[in-house]
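Novice: Just dropping this structure here.
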Amino acid sequence: MHTLDEMLIAYDVQLRVDSLGNLYLAYAVDATHLMLRTSSDHGRTWSSGVNLLLPGTSMPTANDPINRNFATLHPWAFAVGAPGQAAVAYLGQQGDSATLDNYLTVTANALASSPLLWAAATNDPGGRFHSAPPTLPAIDYIAVAVGPDGTPWGGYFNGYVGHLAMPRAHG
């Protein structure tokens, strides 16, 4: 079980605030746990953590012999929209796959005790983000935003392959 104390060992932390002052804390604990916690009382108390990664997906880490360089390039981005809306865009791989895909996880009720999450790979299965060991310097970029209408948008740019994907997902 992950606790708020795990933030001390988290290798990446992002804090966001919605229009009502609710706090959203996203943090990566390891390759298989990108956690979300929320607070609606200015940080006095926090919700239980929920894992934002699609089950069976892991993010690149420094110990990954093939994709380790992506671990240093911030392989995820987090955003919030209206109260309760949150989205994360990230690079991930299924099982022992050496290829990285683009993923987007969204929720419309992040403030609930058990938020409902939608997650999917957003790239064409034949157009993977990366499928060979990268060399630095890299010009890769991942971004995410929640539009005024609540639509989450994930943006992924890969300087190695040279494509830009702007998938649209509905929560």
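Novice: What residues have an amide H closer than 5 Å to that of L52, excluding those fewer than 5 places away on the same chain, when H is modeled at 1.01 Å from N in the peptide plane?
Specialist: The answer is L34, M35, L36.
Novice: Let me ask another. If the label point is 7 Å along Cα→Cβ of T32, which residues in the range 87-115 have backbone nitrogen under 15 Å from it?
Specialist: Hits in the range 87-115 for T32 at 15 Å: 93-97.
Novice: While we're on this one: Taking 22 Å as R0, compute the FRET efficiency from the Cβ-Cβ separation of S113 and D149 and round it to 0.05.
Specialist: 0.25
The numbers here are math on the coordinates, done by the rules we state, and not lab data. Just so it is clear, the structure is predicted and the values come from calculations on it, not from any experiment. All Cβ positions, glycine included, derive from the backbone under ideal geometry; neighbour counts span all protein chains shown.
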